[in-house]
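Below is one structure, written out as structure tokens; the observations come after it.
The values are calculated or read from the model by the stated rules, or taken from the named source; none is laboratory data. Computed from a prediction, not measured in an experiment: that's the story for all the values here. Using ideal geometry, Cβ is built from the backbone for each residue, glycine included, and neighbour counts are taken over all protein chains shown. Protein only, heavy atoms only, side chains kept; ligands, DNA and RNA dropped before computing areas. Shrake-Rupley method; radii C 1.70, N 1.55, O 1.52, S 1.80 Å.
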Amino acid sequence: MTFDINVIFSNLPEILSGAWVTIVIWIITTPAAAVLGFLVAVARRFGGVMLDKAFGIVIAVLRGTPFLIQIFLVYYGGPFVGLSLDPIPAGVIGLSIYGAAYFSEIFRSGFAAVPKGHIEAGICVGLTQGQIIRRILLPEMTMLVLPPSVNMTVILMKETAVLSIITVPELTATLSAIGSQQYAFVEALFVLALFYWALVEITGWLGHLAETKLTRFRFFNI
Amino acid sequence: ADTLAAVKAAGTLKVGTETAFAPFDYIDAGEHTGLNVDLFAEIGKELGVKIEWVALPWDGVFPALEAGKFDVVAGPATITKKRLERYRFTPPIAEATIAILKKAGDTTISKPEDIAGKKIGVGKATAQLDQLKEFSETLPTKVDVREYPAFTESYADLAAGRIAGVANSLPNIAFVASQRKGTFEVVLPPFGKKSYFGFIGLKDADHAPLMDAIDAAMLKIKADGRMAELQKKWFGASFDTPDAVKDPAF
Amino acid sequence: MASEFTAAAPRQTPPMSIKLFELLLQAAIYTVTISVVSILIGFAIAIVVSAMLLSRQRLLALQARIFISFFRGVPLLVQLLLIYNLLPAIGINVPSIVAAIIGLSLCTAAYQAENLRGGFSSVPAGLVESAEMVGMTPVQIFRRIKAPIALRLTFPALVNEAILILKASSLVSVVGVIELTRMAQDLAGSTFLPLEIFASAGLIYLVINWIVALAGGLVERSLPGVPR
Amino acid sequence: MSVPAITVKNLVKTFGGSTVLHGIDLDIVQGQVSCVIGPSGSGKSTLLRCMAFLEESTKGTITVNGEVLGFAENAKGVRERVPAAVNRQIRSQIGMVFQQFNLWPHMTALGNVSEALKTVHRMSRRDAEERAMAQLVKVGLEGKAGHYPSQLSGGQQQRVAIARALALNPKIMLFDEPTSSLDPELTGEVLNVMRDLAAEGMTMVVVSHEIGFAATVGQQIVFLDHGKVLFTGPPQDVFKRPRNPRLEQFLDTYIDRGASMLL
Amino acid sequence: MSVPAITVKNLVKTFGGSTVLHGIDLDIVQGQVSCVIGPSGSGKSTLLRCMAFLEESTKGTITVNGEVLGFAENAKGVRERVPAAVNRQIRSQIGMVFQQFNLWPHMTALGNVSEALKTVHRMSRRDAEERAMAQLVKVGLEGKAGHYPSQLSGGQQQRVAIARALALNPKIMLFDEPTSSLDPELTGEVLNVMRDLAAEGMTMVVVSHEIGFAATVGQQIVFLDHGKVLFTGPPQDVFKRPRNPRLEQFLDTYIDRGASMLL
Ligand SMILES: Nc1ncnc2c1ncn2[C@@H]1O[C@H](COP(=O)(O)OP(=O)(O)OP(=O)(O)O)[C@@H](O)[C@H]1O
Ligand SMILES: Nc1ncnc2c1ncn2[C@@H]1O[C@H](COP(=O)(O)OP(=O)(O)OP(=O)(O)O)[C@@H](O)[C@H]1O
Ligand SMILES: [Mg+2]
Ligand SMILES: [Mg+2]
């Protein structure tokens, strides 16, 4: 098998700039998606039946179709209806909304897991809805919600690769360009795997750290 | 081991390809078709073997070639200097010289030089990109080059009006224009240095006899006029191609 | 020569829409089959892996961590290429569709195992103690007490992952399976109608996933309530 | 009997078909301790939870200090939801101790008690914790302030729950079996605390199985059976002249046991 | 006094630095009812949980019917973990009712009671449910068999927990405040059930705050305070001639309250 490590070194500047774009988009997108998803989950839980149903449909559409197709339609179809966005803003906004749909479901499961009595206790001492969410629901559901959230963070990182289709010069695009220019496909995939693996490991490690920090208490009963 | 012997023994030549490269290789109404299919059918006859197609996305083609999932890659790809360093190319099967695709009825572009200062789309990391850039240098105002992950997206953006044209090899865009008559038009003539499409194989000793045999078969097909016939069928015209490209322009 | 090109290639206009949509639907059968099988196998693996993760035996937990590190960390595309291209090198020849299922199952198992771990850790200790006291074996406790509760707690996240895998199955074209996305790309590459074709493919994905989400919702509501 | 702090009118509560409260009418007098007794499953907790609007009633109204809580009902029986802000305002006068305590597992004992002082009453962290600590001292838990609920014994959890409710100085307190997990000593202490509160004019509703406790501390006894009020009156009436046969039967076992103590 | 069913020897339990049980020595006699009383936080639940090896002791041994449970300890104090299978076998003779009930929320009352019969005792579904139903009838819950724990009142939950433990016919029962949420009537009934069990020779350890209850049903009273056993003996000795000043003080409030009942 042809494996020429020099291909990587001779293209290092491009690879690094691609990696940088990937990381920046990912780091903006994930928190945005999480916050947006959280707000949607709150709206669905506390905002009445109509809001719940409406968001249910939006989420079904966002989750139901591949991000590739969504971003393709928005970016290339957008101009036909007068919506012309630049690649990176389009990518960041699109990916945040897409991720929010998944995050909202994760938070929904978290809300449902907190014993009703704990919320009632909050109501009885006069906490407002916002305070109950912030001070009781969020911390209590941490253990349940963190692992899937880390999963989602990882998935969003990998979804950034899709943005190459709207000409965002992120890492996957850069590497596949190097691959097809010099036909160094194997080397390109190797770097790609290594890079994503490293980022995922760091994410997973941060997730564990957060877990041990945030879930020191024990559930003593339901 | 000698791959040619293995292929002959098995009676099948496995060919890897991507089926999204019309008119060379594509799915028409569910049928795998294109120049590649016809040409390899002839090559198979010459070698006395059957052809077995393995369709993969382009990302997967070369890892699979290296892993021995098939013997040769149909593609085709533009023969370039860098690619020759890693892989071996067959004799050219068509010209890959570049031309412009524009929106139908766009009167601002009537010859290649008119793209000066305009936004022109091209596939990222393609041989066509290099050609377009070189051509752009010769113009009074440079071309605003937009790179796309694949040509499909650039056509979509041309239709969406984000760009004024797409630069790609003439056989490809001629086919695009013929398929979407009211939408696209080809700007003639082609420009830039001549380049050629070829099929791809491995360089190692094991594959040398096989590649030599394929080369010989293709030259025979070319010599007796079958190649020109196929080119006419698929491109509407035949090309004058060299027997081998040892020193490409790019 | 040049002028001939505009009139060139008089390919018959394909019997468009209907035929194309049919092709997409046929490809969608692969998408559904491969995904559903992978999700089921992956889920079974995930339960074992998540149990290992929470095991008090360090070695088991470590093995599970490595499993997750690899199958969650390395892009699915690369995993598939490895399975498809490297397994034959060590003498195991797998057909495309099997390679696709192996790849997807292992990948989803890694994600699902993490989801389930969160669920298992959220099962109140007292419920396990009361199960121990009635004499259940660890396996019985796992099957009858921990798993149903964890499943109920993590269900929405599990459905999320199932839907993600359905979509990630588009990557299996890299091992030679022509599923929905690949078919859409092929058709877009020959008809040059990418917007229309991708929109149709999107619609098919939407319908499939809608069914998954609806089924998920039904199951979720039918699970006996855990939270008080 | 003076102004009622809570008026329950024709309260009906059904859970998916089965009726748990069958039209309860009840006045909780301002500044008095009312004890609700009755067999298990008779609807005591449900009644208390309706009084705090934790449970939506099916019919009837609850009035707290003259204001309608939860659902208003006109003469024709048409119900209308009271605005959430009003409910919150009314509820801020009510404190509640739950049968299952419902402590927040992610906060220490001190955190549980000081939480509302900080977030609702906007006290500084320092002040809130000082006041919370004072409450914990009152229930004998100064040594356990830093423990999480999972690290506390049953009785300690119950006392944290009591401290949490009392720290807010509510005008009305609803206790659901506040001494179920307490030993006799502590029960006595809690009883003293409640006596003091009563003397200060706090209105209290106490669900209790301990009839002795009810008799000592209560000024009004409410006997609930199968979702109906079978008796209301001062404790003397309950114990001296039980007239309701069901109540008599209910108390019999108790008197048996009380006697057995002296064996 | 005959064979001890459970022998506790020099049991020490610390939770991260603070010692909760300071070297407990105790014999639970076969076929007797032993009542553990003591103030909140004195270590009663912890002692019970150690007896069932739900809590790993820090030092000392627990012997059940002659077999060592949890950790064996040699003369030099070196401890060794007993194989899990052995522990499980020993534990299968012990039933436990938890202070917090610990009912499984995803199973109905009937499911909770029949679960172990099906999975552990390998009874057919039909037989298991029949037997479970019989137990539910005994605790007066035939009408609630299909309810989930979240749909049960506190006392109903507690009764399900009792039924769940008794359905398995254990040789030894550990009760942690089995009547805390029960009204006097039910307390009387549970007491009767326990009397019957005692008559059939079941060994029982009961943690209870209800001294009257302890006195009536118990043949041995264990008074725990601050993690130490301050008194063991028959109930007569406790109530007739209290000699330990701490015990006397502990009981005082109770007697006060008992008296107040008669007001
Ligand atoms: N969510 C529910 N669904 C169905 N039935 C319920 C629900 N909650 C309570 N019940 C029923 O309502 C009745 C009254 O319950 P409640 O908790 O008010 O009783 P209680 O008087 O407090 O009893 P205890 O003294 O045992 O706590 C019980 O029979 C219970 O089974
Ligand atoms: N996990 C833990 N970490 C630290 N301290 C603990 C833990 N569990 C229990 N304790 C402490 O051990 C002591 C004894 O607790 P235990 O539950 O045995 O008391 P108890 O006698 O059952 O009291 P109650 O009658 O209130 O139930 C308590 O002071 C409690 O705070
Ligand atoms: Mg109750
Ligand atoms: Mg206890």
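A compact table of results
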item	result
Selected residue (criterion: farthest from the other protein chains (Cβ to nearest Cβ)) from residues of segment D:120-141 that are open to solvent by 10 Å² or more (accessible area, probe 1.4 Å) and either part of a loop (DSSP other than H, G, I, E, B) or within 10 Å of ligand 2 (Cβ to nearest atom) (or both)	D:Ser124
Only one of B:Ala159, B:Ala164, B:Ala213, B:Ala177 that is at pLDDT 90 or above, open to solvent by 10 Å² or more (accessible area, probe 1.4 Å) and farther than 15 Å from B:Arg88 by Cβ	B:Ala164
Test set (1) part of a helix (DSSP H, G or I); (2) open to solvent by 10 Å² or more (accessible area, probe 1.4 Å); (3) facing chain B (nearest Cβ under 10 Å) - C:Leu214 fails condition number	(3)
Test: residue in segment D:18-40 that is more than 16 Å from ligand 3 (Cβ to nearest atom), more than 30 Å from E:Gly188 (Cβ to Cβ) and within 14 Å of another protein chain (Cβ to nearest Cβ)	no
Subset of segment C:156-211 (residues that are over 19 Å from the mean Cα position of the chain (by Cα), polar (S, T, N, Q), under 13 Å from C:Leu24 (Cα atoms) and within 8 Å of another protein chain (Cβ to nearest Cβ))	C:Gln185
Positions within segment E:212-235 being within 13 Å of another protein chain (Cβ to nearest Cβ) and of a type in the set (D, E, K, R), in sequence order	E:Asp225
Selection from segment D:51-66 of residues that are within 15 Å of ligand 1 (Cβ to nearest atom) and in contact (Cβ under 8 Å) with a residue 60 or more places away in the chain	D:Met51, D:Ala52
Test: residue in segment D:156-172 that is within 16 Å of ligand 1 (Cβ to nearest atom), under 20 Å from A:Glu120 (Cβ atoms) and either outside any strand (DSSP E or B) or under 19 Å from the mean Cα position of the chain (by Cα) (or both)	yes
Sole residue being open to solvent by less than 50 Å² (accessible area, probe 1.4 Å), closer than 22 Å to D:Lys44 by Cα and within 12 Å of ligand 2 (Cβ to nearest atom), chosen from D:Thr108, D:Thr179	D:Thr179
Positions within segment A:57-95 being facing another protein chain (nearest Cβ under 10 Å), of a type in the set (A, V, I, L, M, F, W, C) and touching a Ser or Thr at 6+ places or on another chain (Cβ under 7 Å), in sequence order	A:Ile59
Filter pass, D:Val36 being within 27 Å of D:Gly77 (Cα to Cα), assigned to a strand (DSSP E or B) and more than 16 Å from ligand 4 (Cβ to nearest atom)	no
Count - residues of segment D:185-205 that are in contact with a Lys or Arg (Cβ under 9 Å, 6 or more places away or on another chain), more than 19 Å from E:Gly154 (Cβ to Cβ) and either buried (at least 24 other Cβ atoms within 10 Å of the Cβ) or among the β-branched types (Val, Ile, Thr) (or both)	2
Hey, D:Ser208 of a type in the set (S, T, N, Q), open to solvent by 10 Å² or more (accessible area, probe 1.4 Å) and within 16 Å of ligand 3 (Cβ to nearest atom) or not	no
Number of positions in segment D:174-205 that are within 16 Å of ligand 3 (Cβ to nearest atom) and outside any loop (DSSP other than H, G, I, E, B)	4
Selected residue [of a type outside the set (D, E, K, R), under 20 Å from E:Asn102 (Cα atoms), more than 14 Å from ligand 4 (Cβ to nearest atom) and not assigned by the TED database to the domain that holds E:Val120] from E:Val206, E:Val190	E:Val190
Only one of D:Gly227, D:Gly188, D:Gly154, D:Gly233 that is small (Gly, Ala, Ser) and touching a His at 6+ places or on another chain (Cβ under 9 Å)	D:Gly227
Enumeration of residues in segment D:219-241 that are at pLDDT below 85 and either surrounded by 18 or more Cβ atoms within 10 Å (Cβ to Cβ) or assigned to a helix (DSSP H, G or I) (or both)	D:Pro235, D:Gln236, D:Asp237, D:Val238, D:Phe239, D:Lys240
From B:Phe70, B:Phe62, residue being within 21 Å of C:Leu80 (Cα to Cα), within 8 Å of another protein chain (Cβ to nearest Cβ) and open to solvent by less than 40 Å² (accessible area, probe 1.4 Å)	B:Phe62
Total residues in segment B:113-137, condition open to solvent by 30 Å² or more (accessible area, probe 1.4 Å), small (Gly, Ala, Ser) and either part of a strand (DSSP E or B) or closer than 22 Å to B:Thr19 by Cα (or both)	0
Among the residues listed as D:Val78, D:Val113, the single one being more than 25 Å from the chain's Cα centre (by Cα) and aliphatic (A, V, I, L, M)	D:Val78
Per-region count, segment D:142-163, residues buried (at least 19 other Cβ atoms within 10 Å of the Cβ) and either within 9 Å of ligand 2 (Cβ to nearest atom) or within 16 Å of E:Gln99 (Cα to Cα) (or both)	12
Options E:Leu26, E:Leu21, E:Leu69, E:Leu48; residue that is free of Cβ contacts under 8 Å to residues at least 60 places away in the same chain and more than 16 Å from ligand 1 (Cβ to nearest atom)	E:Leu69
Members of segment E:13-52 that are open to solvent by 30 Å² or more (accessible area, probe 1.4 Å), in contact with a Gly (Cβ under 9 Å, 6 or more places away or on another chain) and away from ligand 2 (no atom under 13 Å from the Cβ)	E:Asp25, E:Gln30, E:Gln32
Count of segment B:37-51 residues which are within 21 Å of B:Glu66 (Cα to Cα) and touching a Ser or Thr at 6+ places or on another chain (Cβ under 8 Å)	1
Segment D:71-101 - residue that is modelled with pLDDT of 90 or more and within 18 Å of D:Leu26 (Cα to Cα) and, of those, nearest to the other protein chains (Cβ to nearest Cβ)	D:Ile94
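So that you can scan it fast, the table gives a plain yes or no per residue for (1) surrounded by 24 or more Cβ atoms within 10 Å (Cβ to Cβ); (2) facing chain D (nearest Cβ under 10 Å); (3) modelled with pLDDT under 90:
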residue: A:Ile97; (1), (2), (3): no, no, no
residue: A:Phe107; (1), (2), (3): yes, no, no
residue: A:Gly126; (1), (2), (3): no, yes, yes
residue: A:Ile132; (1), (2), (3): no, yes, no
residue: A:Ile136; (1), (2), (3): no, yes, no
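Residues checked against (1) touching a strand residue (DSSP E or B) at 6+ places or on another chain (Cβ under 7 Å); (2) among the aromatic types (Phe, Trp, Tyr):
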site: E:Trp104; (1), (2): no, yes
site: E:Arg159; (1), (2): no, no
site: E:Pro170; (1), (2): yes, no
site: E:Leu186; (1), (2): no, no
site: E:Met194; (1), (2): yes, no
site: E:Ala198; (1), (2): yes, no
